[in-house]
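J.: This is the structure, below, for whatever I ask next.
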Amino acid sequence: FSEPVSVDPVDLEMVMRTCMEKDDLHRFIRPIIGYGAIFAPVSIWRPRRKILQPAFKPKIVEIFVPVFAEQSMKLSCKLSETGGRKVKLLPYIGAYTLDSTCETTLGVKINAQDDAVSPFLVELGRVLQVATERIFRLWLQPEWLFRCSPQYRQQRAGCEVLHGFTDHVIMKKREELKAKQSKSPESDRPIDLSDYDSKSFLELLIHFSGSAGGYSNEELREEILTLIIGSTDSTASTIGYALDLLAKYPHVQDKVHEELDEVFGDSDRLLQKEDLMRLKYLDRVIKETLRLFPPAPFLIRKVEEEITLPSGRVLPAGSGIVASVWGTQRNPKYWGPDADAFDPDRFLPERAALRHPCAFMAFSIGPRNCIGYQYALMSIKSALSSVLRFHRVKGRVERGNTPHIRVKIDVMMKAVNGHELTLERRSQRRAPKDLQIVK
Ligand code: HEM
C-alpha cells in the first residue's frame with residue numbers, strides 16, 4: 001500500500017469516526033451493486049444508512065432466526081451426507097449463507113444448498129471473482145482495456161442474471177404490496193414491530209424508504225445486492241475458520257459440545273432464539289475466530305481534511321489510510337504477549353472490560369461500521385450449533401497455541417484450502433438427515 005498502515009486502536013478509533021469516505025478500489029464492484037450503502041460516496045451513503053438502520057434493529061433481526069435454524073439444519077444434513085470423508089467445507093457453508101441471506105433479504109428460497117449450479121450462486125461467484133481480478137491485475141483497471149477483456153463479458157453476463165432475478169422479485173413484491181393496499185389502505189401505515197412477522201429486508205426497505213414514493217426499483221436492487229454480497233462470503237468464511245480452529249483444538253471443541261448438550265440435550269428440535277443467549281461459550285469461540293481471522297483484514301479510508309491522531313501522527317488532506325484489522329487484533333500491546341494464540345476466554349466479560357473497546361474491529365467501528373453484525377452473529381451461531389450438535393469436526397491438530405491457516409484475499413480473506421476437514425457423526429446423536437426439513 002502507498003498509504004500508511006495503522007494497527008493502533010486509539011488512532012484508528014479517531015480515523016473511523018472522522019473519515020467516512022472510502023477508497024476508489026470499490027469502483028470495481030460498482031457494476032454489480034451500483035451505489036449500495038457499503039461502498040457509496042458519503043453523500044449517497046448517509047441517507048441510505050438512515051433508511052437501513054431501523055431494518056437492522058435487534059427486534060427485527062431476531063425474526064429471522066427460524067430461517068437460520070431451518071437452513072442450518074439443512075447444512076448439517078448435507079454435511080452428514082459426506083459420510084466422514086475429507087471435504088472442502090466452504091462450498092457447503094457458502095450455499096447455506098446464500099440460501100439464508102436470499103430468504104431474509106428477498107423473501108424467496110433459492111435452494112442453493114440443493115443445487116450447486118444454481119445460476120444465482122454461480123454468477124455471484126463469477127462477478128466477485130472479476131472484481132477481485134481487477135483489484136490485483138493492473139491491466140484490467142483502465143475501463144477501456146477492461147472492456148476488451150473476456151472478464152468484461154463475464155461480468156456483463158453475470159450482472160444480467162443477478163439483476164434480472166432481483167428485479168423480478170422486486171416487481172413481484174411491489175405488485176403484492178399494491179394488491180394488499182388496495183384491499184386494505186391501512187397496510188401502508190408505518191410498520192408496527194410488535195405485529196411484524198417473517199417478512200424480508202426488501203419489504204422493510206420499501207416501507208422505511210417511503211413505500212411507493214420511496215426507493216426506485218434500481219435503488220432497491222442496489223441495496224439488496226449490497227446486503228447479499230456483504231453478508232454471504234463474510235459469514236461463510238467465519239463459520240469455516242471456526243470449524244478449522246475447533247478441529248485444531250479438540251479440547252475447545254469438547255467444551256462447545258458440552259454446552260450444546262446442556263442446551264439441546266438429546267433433542268433434535270430446531271434452534272430457537274432463546275438458545276442463542278444460552279450459547280455463551282460458542283459466542284466466545286466465534287469472537288476469537290473473528291479476532292484471529294477477520295474476513296475483512298484491512299479497511300481503507302480517504303482523509304479529506306488534515307487530522308492529527310492521538311499518537312501525534314499527522315494525516316494530510318488528500319491522503320489515505322489503511323486500518324489493519326488483522327494487525328490491530330493481534331497487537332500485543334492490547335492483546336498481550338500471546339496475542340497470536342487461540343483463547344476464546346479472552347472474550348469473558350471481565351477480561352473484555354479491561355481492553356480498549358476498539359481493539360476488536362472485525363465489524364469495523366464508528367458510524368460506517370457493519371450494520372449486519374448482530375445478524376451475522378446469529379447466523380454463524382445457528383450454523384455452528386446445528387453442525388456441531390450432530391458432528392465432531394476433525395483435521396490436523398495444532399501442536400502450539402498459535403493456529404496456522406493459509407489465507408488468500410478473494411474480495412474477503414479466505415482459507416486457501418477451502419477448509420478441508422472431516423465431519424464425523426457423534427455416536428450417540430441421531431443423524432440430522434432423520435429430521436423433516438421443509439424445502
Ligand atoms: C462475519 C460477518 C461479517 C463481517 C466480518 C463484516 C464486516 C464488515 C466490515 C469490516 C464492514 C466495514 C467495511 C469498510 O469500512 O470498508 C462492513 C460493512 C457492512 N456490512 Fe458487514 N460484515 C459481516 C456480515 C454482514 C452481514 C450479515 C450483513 C447484512 C446482512 C452485512 C452488511 C454490511 C453493510 C450494509 C455494510 C456497510 C455499512 C455502511 O457503510 O454503512 N455485513 N461489514
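The values are calculated or read from the model by the stated rules, or taken from the named source; none is laboratory data. In this text the structure is predicted, and so the values were computed from the model without any measurement. A quick note on method: Cβ atoms are made from the backbone with ideal geometry, for glycine too, and the neighbour counts reach across all protein chains shown. Note: accessible area is taken over every heavy atom of the protein model, side chains too, but ligands, DNA and RNA are not part of it. Shrake-Rupley method; radii C 1.70, N 1.55, O 1.52, S 1.80 Å.
J.: Residue check, residue 95 against (1) over 26 Å from residue 329 (Cβ atoms); (2) away from the ligand (no atom under 12 Å from the Cβ); (3) over 17 Å from the mean Cα position of the chain (by Cα), all met but one. Which one?
T.: Failed condition: (3).
J.: Something else: Considering each of 149, 76 in turn, give the residue that is surrounded by 23 or more Cβ atoms within 10 Å (Cβ to Cβ), away from the ligand (no atom under 16 Å from the Cβ) and among the small types (Gly, Ala, Ser).
T.: 76
J.: Restricting the stretch 345-365 to residues that are within 16 Å of residue 297 (Cβ to Cβ) and in a loop (DSSP other than H, G, I, E, B), which is farthest from the ligand (Cβ to nearest atom)?
T.: 360
J.: Checking residue 354 against (1) modelled with pLDDT under 95; (2) within 25 Å of residue 226 (Cβ to Cβ), which single condition isn't satisfied?
T.: So the condition that residue 354 fails would be (2).
J.: Within the stretch 50-57, does at least one residue satisfy the condition of being without any contact (Cβ under 8 Å) to a residue 24 or more places away in the chain, assigned to a helix (DSSP H, G or I) and either within 16 Å of the ligand (Cβ to nearest atom) or of a type in the set (Ser, Thr, Tyr) (or both)?
T.: Yes.
J.: Now for a separate question. Looking only at the stretch 299-319, count every residue that is more than 9 Å from the ligand (Cβ to nearest atom) and part of a strand (DSSP E or B) and tell me the total.
T.: 5
J.: Going by what's in this entry, would residue 202 be described as under 30 Å from residue 24 (Cα atoms) and either open to solvent by less than 60 Å² (accessible area, probe 1.4 Å) or modelled with pLDDT of 95 or more (or both)?
T.: Criteria met by residue 202.
J.: Sticking with this one: Anything in the stretch 233-271 that is of a type in the set (S, T, N, Q), more than 16 Å from the ligand (Cβ to nearest atom) and modelled with pLDDT of 95 or more? List them, or say none.
T.: Once the filter is applied, which keeps residues that are of a type in the set (S, T, N, Q), more than 16 Å from the ligand (Cβ to nearest atom) and modelled with pLDDT of 95 or more, the stretch 233-271 yields only 253.
J.: Tell me which of these residue 324 doesn't satisfy, since it passes every other one: (1) more than 16 Å from the ligand (Cβ to nearest atom); (2) out of contact with any helix residue (DSSP H, G or I) (no Cβ under 6 Å at 6 or more places or on another chain).
T.: Against the list (1) more than 16 Å from the ligand (Cβ to nearest atom); (2) out of contact with any helix residue (DSSP H, G or I) (no Cβ under 6 Å at 6 or more places or on another chain), residue 324 comes up short only on (1).
J.: So which residues in the stretch 81-118 are open to solvent by 20 Å² or more (accessible area, probe 1.4 Å), in contact with a helix residue (DSSP H, G or I) (Cβ under 7 Å, 6 or more places away or on another chain) and not in a loop (DSSP other than H, G, I, E, B)?
T.: Those that are open to solvent by 20 Å² or more (accessible area, probe 1.4 Å), in contact with a helix residue (DSSP H, G or I) (Cβ under 7 Å, 6 or more places away or on another chain) and not in a loop (DSSP other than H, G, I, E, B): 90, 92, 103.
J.: Is it true that some residue in the stretch 249-262 is under 29 Å from residue 9 (Cα atoms), in a loop (DSSP other than H, G, I, E, B) and open to solvent by less than 10 Å² (accessible area, probe 1.4 Å)?
T.: Within the stretch 249-262 (the criterion being under 29 Å from residue 9 (Cα atoms), in a loop (DSSP other than H, G, I, E, B) and open to solvent by less than 10 Å² (accessible area, probe 1.4 Å)), the answer is no, since none of the residues qualifies.
J.: May I ask you to say which residue of 133, 176 is surrounded by 14 or more Cβ atoms within 10 Å (Cβ to Cβ), among the charged types (D, E, K, R) and either modelled with pLDDT under 90 or in a helix (DSSP H, G or I) (or both)?
T.: Matching residue, one of 133, 176: 133.
For every residue, the table says whether it meets (1) of a type in the set (A, V, I, L, M); (2) more than 18 Å from the chain's Cα centre (by Cα).
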position: 352; (1), (2): yes, yes
position: 362; (1), (2): yes, no
position: 365; (1), (2): yes, no
position: 383; (1), (2): yes, no
position: 390; (1), (2): no, yes
position: 413; (1), (2): yes, no
position: 416; (1), (2): yes, yes
position: 419; (1), (2): no, no
position: 425; (1), (2): no, yes
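J.: While we're on this one: Please find, among 38, 32, the residue that is closer than 27 Å to residue 129 by Cβ and not in a helix (DSSP H, G or I).
T.: 38
J.: In addition: If a residue must be of a type in the set (Val, Ile, Thr) and surrounded by fewer than 18 Cβ atoms within 10 Å (Cβ to Cβ), how many such residues does the stretch 38-59 contain?
T.: Going through the stretch 38-59 one residue at a time, the tally reaches 2.
J.: Next question. Take the residues of the stretch 366-391 that are open to solvent by 20 Å² or more (accessible area, probe 1.4 Å) and farther than 15 Å from residue 242 by Cβ: which is nearest to the ligand (Cβ to nearest atom)?
T.: Checked the stretch 366-391; the qualifying residue nearest to the ligand (Cβ to nearest atom) is 370.
Residue-by-condition table, conditions (1) within 14 Å of the ligand (Cβ to nearest atom); (2) modelled with pLDDT of 90 or more; (3) open to solvent by 90 Å² or more (accessible area, probe 1.4 Å):
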{"residue": "160", "(1), (2), (3)": "no, yes, yes"}
{"residue": "185", "(1), (2), (3)": "no, no, yes"}
{"residue": "222", "(1), (2), (3)": "yes, yes, no"}
{"residue": "229", "(1), (2), (3)": "yes, yes, no"}
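J.: Please go through the stretch 392-423 and pick out each residue that is closer than 22 Å to residue 79 by Cβ, buried (at least 16 other Cβ atoms within 10 Å of the Cβ) and among the β-branched types (Val, Ile, Thr).
T.: 393, 405, 422
J.: Hey, among 69, 40, which residue is within 19 Å of the chain's Cα centre (by Cα) and either near the ligand (Cβ under 10 Å from one of its atoms) or among the polar types (S, T, N, Q) (or both)?
T.: 40
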